[in-house]
Amino acid sequence: MTQPPAAFLTAAKDLLGPKGWSEDPERLSEVSTPWRGTFTGETPFLARPASTAEAAALVKLCAAHHVAMTPQGGNTGLVDAGTPHGEIVVSMTRMNTVRSVDPFNNSLVIEAGAPLVTAQAAAEEAGRLFPLSLGSEGTATIGGLISTNAGGVNVLRYGMMRDLILGLEVVLPSGEVWDGLSGLRKNNTGYDLKHLFAGAEGTLGLITAATLKLFPQVQRASAWVCCDSTEDVVALLALVRQHAGDTVTSFEIIPVNAVDMVLTDVPGTRDPLPSALPWRVLMEVSMVDETHARAALEKALEAAFAQDLVKDGVVAASKAQAQSFWHIRETIPLSKRAYGTAINQDIAVPVSRIPAFIDSCNAAVLEIVPSAEFVIFGHVGDGNLHYSVCEPAEATAPVLKAHVAAITRIIFDQTMAHGGSISAEHGVGRLKRDELARIRPPAATEAMRAIKKALDPLGIMNPGRVVSV
Ligand SMILES: Cc1cc2nc3c(=O)[nH]c(=O)nc-3n(C[C@H](O)[C@H](O)[C@H](O)COP(=O)(O)OP(=O)(O)OC[C@H]3O[C@@H](n4cnc5c(N)ncnc54)[C@H](O)[C@@H]3O)c2cc1C
């Protein structure tokens, strides 16, 4: 790891003040290890700017001394994008305030280091909804969520993080500040710069604040149903939408083995509907009025029973019961870790191709590892599956580890063969950068490189992520 020049360190420490930096090895190790701990990096210096002016001055210093930086929020990213590999870390977590809320414009301005729960709470206090919701919402920050274009459980109705921003404030790699915090919904004045930074994983600039879209508050009706096949699950989604339209906010698929895994791993969890059927769907219909939401959901389910798409089902009688459904869904990733070796991929295919994708991908994997087990769950309403190939911890002759590369290749190739994407919502980082360079149309990779070079000619912003130049 190269140490930044002494002149840079002295100037950065002066600029940031005693609370704004650290060289403590324990702290540096913390910010070099992401939430999952599956990979670790290293950094010589942690900077924690407290304002846009400080952040801009810091980036100017980095540019002057050619010091590379990794912007960091909650460090919950899953693709090795926010973990430093020799760069200094610029943690945004001191910039965490809500600057303003405008309920009539349905917007709020919030700093990039605020966790998602802060945006949700500020919206709620104003009688509005900020709909992004995901398992890491207590820690993941607004800047990180924008930079990874995060998805979560409400994408079906509200879109991804990209769809939820009205404007941004960004420190460009030169240190210049772009104030694009407009709360406008219509603004056709050329390239829409905010979209460049959504999904850029910190490679084009340091986001310091964002204007987010708010929505009317809604009440949710939730159901847990059992299905016989993925074909039925896909047909069920179409049917529920036919009855409830855009009010279907979530539609999650859960395999029966994932429910069993969670029940074994998490004390106190209960299967809402014990059944040998292979698939569960957790769905939600959200409307301003709870009775209407429940009525729409029940009507849709009646039709689904009539068409034999659902064999058994329960509509949550209370918020607590709905939460117990979600608890099972949200605990799957952690329980899966306890289960044994797993190869996990976050992929998307068109919803209509989900059954064919699962059948052919599973068959191809089983040809290599006949003992493989599959835990396939996720945001099926968006065509987004978390596809995991597992080997139980108690396997007497474990073989999965020896086949990680081959199985990963199968999953990627099958995904592409079904018209999909090898990164649905987690991003690219260092993990999928080279694979994407292989499968993405060359013109797209070249355009990305050109953008990166134009905005960051010195290559100081999170180098080596998304696209190599
Ligand atoms: C339990 C769990 C559940 C999850 N569920 C989901 C899910 O359902 N859907 C989903 O999409 N993701 C999910 N994730 C992934 C993760 O939460 C997201 O990637 C999140 O958006 C990252 O936010 P962060 O603040 O932790 O960013 P970090 O991990 O710190 O950084 C992520 C990337 O953003 C960049 N970055 C961070 N802040 C800034 C900034 N201010 N300016 C410029 N660049 C910046 C970093 O350099 C890095 O490239 C989950 C993660 C966990 C641990």
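Yes/no per residue for (1) assigned by TED's automatic domain parsing to the domain that holds residue 154; (2) within 16 Å of the ligand (Cβ to nearest atom); (3) in contact with a Pro (Cβ under 9 Å, 6 or more places away or on another chain):
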{"site": "195", "(1), (2), (3)": "yes, yes, no"}
{"site": "200", "(1), (2), (3)": "yes, yes, no"}
{"site": "237", "(1), (2), (3)": "no, no, no"}
{"site": "252", "(1), (2), (3)": "no, yes, no"}
{"site": "263", "(1), (2), (3)": "no, no, no"}
{"site": "274", "(1), (2), (3)": "no, no, no"}
{"site": "277", "(1), (2), (3)": "no, no, no"}
{"site": "284", "(1), (2), (3)": "no, yes, no"}
{"site": "290", "(1), (2), (3)": "no, no, no"}
Problem set entry | Matching residues in segment 1-38 - criterion: being away from the ligand (no atom under 12 Å from the Cβ) and aromatic (Phe, Trp, Tyr) | 8, 21
For this session: For residues that are over 22 Å from residue 45 (Cβ atoms) and hydroxyl-bearing (Ser, Thr, Tyr), scanning just segment 77-124, find the one that is nearest to the chain's Cα centre (by Cα).
Result: 118
For this session: Give me the pairs, please: first residue somewhere in segment 66-87 and not assigned by TED's automatic domain parsing to the domain that holds residue 333, second residue anywhere and of a type in the set (Asp, Glu) and near the ligand (Cβ under 6 Å from one of its atoms), beta-carbon distance under 9 Å, and either six or more positions apart or on two chains.
Result: 71/201; 77/201; 79/201; 81/201; 82/201
Problem set entry | Pick from segment 350-378, criterion open to solvent by less than 20 Å² (accessible area, probe 1.4 Å) and small (Gly, Ala, Ser), ranking: nearest to residue 392 (Cα to Cα) | 372
Problem set entry | Qualifying position, being under 17 Å from residue 387 (Cβ atoms) and either in contact (Cβ under 8 Å) with a residue 60 or more places away in the chain or open to solvent by less than 30 Å² (accessible area, probe 1.4 Å) (or both), among 439, 451, 460, 411 | 411
Exercise. For segment 146-168, which residues satisfy the criterion of being near the ligand (Cβ under 10 Å from one of its atoms) and more than 18 Å from residue 347 (Cα to Cα)?
Worked result: 146, 147, 168
Seminar exercise, completed: Cβ pairs under 7 Å, 6+ apart or interchain, first in segment 348-368 and under 18 Å from residue 253 (Cβ atoms), second in a helix (DSSP H, G or I) and open to solvent by 50 Å² or more (accessible area, probe 1.4 Å), ordered by first then second residue, are 348/382; 355/231
For this session: Go through segment 218-239 and give me each residue that's of a type outside the set (A, V, I, L, M, F, W, C) and either part of a strand (DSSP E or B) or in contact with a strand residue (DSSP E or B) (Cβ under 8 Å, 6 or more places away or on another chain) (or both).
Result: 219, 220, 222, 228, 229, 230, 232
Exercise. Which residue pairs have Cβ atoms closer than 8 Å, lie 6 or more positions apart in sequence or on different chains, and pair a first residue in segment 16-27 that is of a type in the set (A, V, I, L, M) with a second residue that is modelled with pLDDT of 95 or more and surrounded by 10 or more Cβ atoms within 10 Å (Cβ to Cβ)?
Worked result: 16/47; 16/48; 16/49; 16/50; 16/54; 16/58
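Residue-by-condition table, conditions (1) at pLDDT 95 or above; (2) of a type in the set (Val, Ile, Thr); (3) over 19 Å from residue 34 (Cα atoms):
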{"site": "132", "(1), (2), (3)": "yes, no, yes"}
{"site": "135", "(1), (2), (3)": "no, no, no"}
{"site": "138", "(1), (2), (3)": "yes, no, no"}
{"site": "141", "(1), (2), (3)": "yes, yes, no"}
{"site": "144", "(1), (2), (3)": "yes, no, no"}
{"site": "157", "(1), (2), (3)": "yes, no, yes"}
{"site": "163", "(1), (2), (3)": "yes, no, yes"}
{"site": "169", "(1), (2), (3)": "yes, no, yes"}
For this session: Kindly provide the set of residues from segment 36-55 that are assigned to a helix (DSSP H, G or I) and surrounded by fewer than 19 Cβ atoms within 10 Å (Cβ to Cβ), ordered by number.
Result: 53
For this session: Being in contact with a Pro (Cβ under 9 Å, 6 or more places away or on another chain) and closer than 20 Å to residue 82 by Cβ is the filter; apply it to segment 3-28 and report the residue that is surrounded by the fewest Cβ atoms within 10 Å (Cβ to Cβ).
Result: 23
Exercise. What is the residue count in segment 422-436 for residues that are farther than 20 Å from residue 146 by Cβ and open to solvent by 40 Å² or more (accessible area, probe 1.4 Å)?
Worked result: 1
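The values are calculated or read from the model by the stated rules, or taken from the named source; none is laboratory data. For clarity, every value in this text was computed on a predicted model and none was experimentally measured. Ideal geometry is used to build each Cβ from the backbone, glycine not excepted, and the neighbour counts take in all protein chains shown. Side chains included, ligands, DNA and RNA excluded: accessible areas come from the protein's heavy atoms. Shrake-Rupley method; radii C 1.70, N 1.55, O 1.52, S 1.80 Å.
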